[in-house]
Amino acid sequence: MPAVRSWTPPGPYDLHRSLRVLQRGPGDPAQRRHDGALWRTSRNPDGPFTLRLTENPPGRIEAQAWGPGRDRALDGLPALLGADDRPEDFVPRHALVHAAHRRNPGLRLVRTGLVLESLIPSILEQKVTTDEAYRAWRLLLRRHGEPAPGPTELMPGGMYVMPDATGWRRVPSWEWHRAGVDDKRAATVLRACRVAARLEEAAAMPSDEASRRLRLVPGIGPWTAAETLQRSNGDPDAVTVGDYHLPNIVGYALTGRRGLDDAAMLELLDPYAGQRHRATRLILLAGRVPERRGPRFPVGDIARL
């Protein structure tokens, strides 16, 4: 029998839009929508777990959990769903952001409290297309993760739990290669796993301190740290710098200009200090994206080298 818990949001709430940021592509073995429910797998210090999240009745989120880590996962359910978030602190400063904010009243920033879970896929996304990174994540979880605990007759097929730090370190070099992960990214994952316990402490640290902790690992820079802390810590100000597309999207959405760099993007986001990540989420949800004119980010094929 699963363990069960529920949480009632204090206001409008959009379960799928809030947790979408945790899903790594449509075929993610660790998070999937199925038959009206959101299924999510992960592992915490107690072990692997599976969550099934539904909104029933409207206005209340119900969770069922399986696996050794289920009780700890349910204890963290409110934080995962965004209970610690303070969307009321956000003040739109641009018409486009105001409109996106009004259209998405149920968006809350989630907090998993799990660093490695978000750090490893963020490392896989360094300097490659999202499709390449999602493919690597799928292949590595399917080959080196473990089947998700829970009722196989109810959950979507192909759900897996990511390996623990020791499991990641046991992935053979040729398996990284087969998944299309170059030596630099694979080495960064392995370095992070060697100090996984220290990195997990960042989930309870203030933002600047948490970012410094992650960036002590060679290969983890501001981009990867921000992408991780947005999810593990629910950091509303962890703005992603060093991204191939984001400055251009933010610049075009707010000014109509193209080709902005990180410095220009940060200047535009300065009125949202303390809430810059939320502002960029809303800008992306607005959907005002410039037409592609330059070359696409090159797609590599490490597995064929």
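Computed over neighbours whose Cβ is under 14 Å from that of PRO151, the net charge equals 0, Lys and Arg +1, Asp and Glu -1. Rolling a 1.4 Å probe over the protein heavy atoms gives region 133-263 an accessible area of 46 Å² per residue. Carbon and sulfur atoms: what percent of the 1.4 Å accessible area of region 112-222 do they account for? Percent of accessible area from carbon and sulfur atoms in region 112-222: 50. Calculated mean residue ellipticity, 222 nm, the chain: -11500 deg cm²/dmol, from DSSP H runs (n ≥ 4) at -39500 (n - 2.57) each, averaged per residue and rounded to 500.
The fraction of all Cα pairs in the chain landing in successive 10 Å bins from 0 to the largest distance is 6, 27, 35, 25, 7, 0, given as whole percents. Shown here are the Rg and Dmax of the Cα trace of region 144-275, at 18.3, 51 Å.
For region 123-201, what class follows from the C-alpha gyration tensor (a ≥ b ≥ c being the square roots of its eigenvalues): rounded when a/c is under 1.5, otherwise prolate if a/b is larger than b/c, else oblate? Here region 123-201 falls in the oblate category. Could you list log10 I(q)/I(0) for region 200-263 at q = 0.12 Å⁻¹, which the Debye formula gives when each Cα is one point scatterer? Taken in order of the listed q values, log10 I(q)/I(0) reads -0.35.
Given +1 at the Cβ of Lys and Arg, -1 at the Cβ of Asp and Glu and no other charges, the dipole of the chain around its Cα centre is 620 debye to the nearest 20.
Protection proxy ranking for 120-133, 255-268, using the average of other Cβ atoms within 10 Å per residue and placing the highest first: 120-133, 255-268.
Summing +1 for each Lys or Arg and -1 for each Asp or Glu among the other residues whose beta-carbon sits under 12 angstrom from that of ASP208 gives 0. For region 1-154, the square roots a ≥ b ≥ c of the C-alpha gyration tensor eigenvalues yield an a/c of 1.5 or more together with a/b not exceeding b/c, which makes the shape oblate.
Between region 115-158 and region 1-28, what's the alpha-carbon centroid distance in Å? Cα centres, region 115-158 to region 1-28: 17 Å. Would you mind getting me the FRET efficiency between VAL4 and GLU88? Use the beta-carbon distance for r and R0 = 35 Å, nearest 0.05. About 0.75, to the nearest 0.05. Taking a sphere under 10 Å around the Cβ of TYR252 and counting the other residues whose Cβ falls inside, with K and R at +1 and D and E at -1, yields a net charge of +2.
For region 1-119, the dipole from Cβ point charges (+1 on Lys and Arg, -1 on Asp and Glu) about the Cα centre works out to 300 debye, to the nearest 20. On the beta carbon distance between ASP46 and ARG212, with R0 = 25 Å, the FRET formula returns roughly 0.35.
Ignoring ligands, DNA and RNA, what accessible area per residue does region 54-126 give at 1.4 Å, in Å²? For region 54-126, the per-residue accessible area is 42 Å².
The values are calculated or read from the model by the stated rules, or taken from the named source; none is laboratory data. These numbers were taken from a predicted model, which means no experiment stands behind them. Counting neighbours? That spans all protein chains shown, and the Cβs are built from the backbone with ideal geometry, glycine included. In case anyone asks, the SASA skips ligands and DNA or RNA and just uses the protein heavy atoms, side chains included. Shrake-Rupley method; radii C 1.70, N 1.55, O 1.52, S 1.80 Å.
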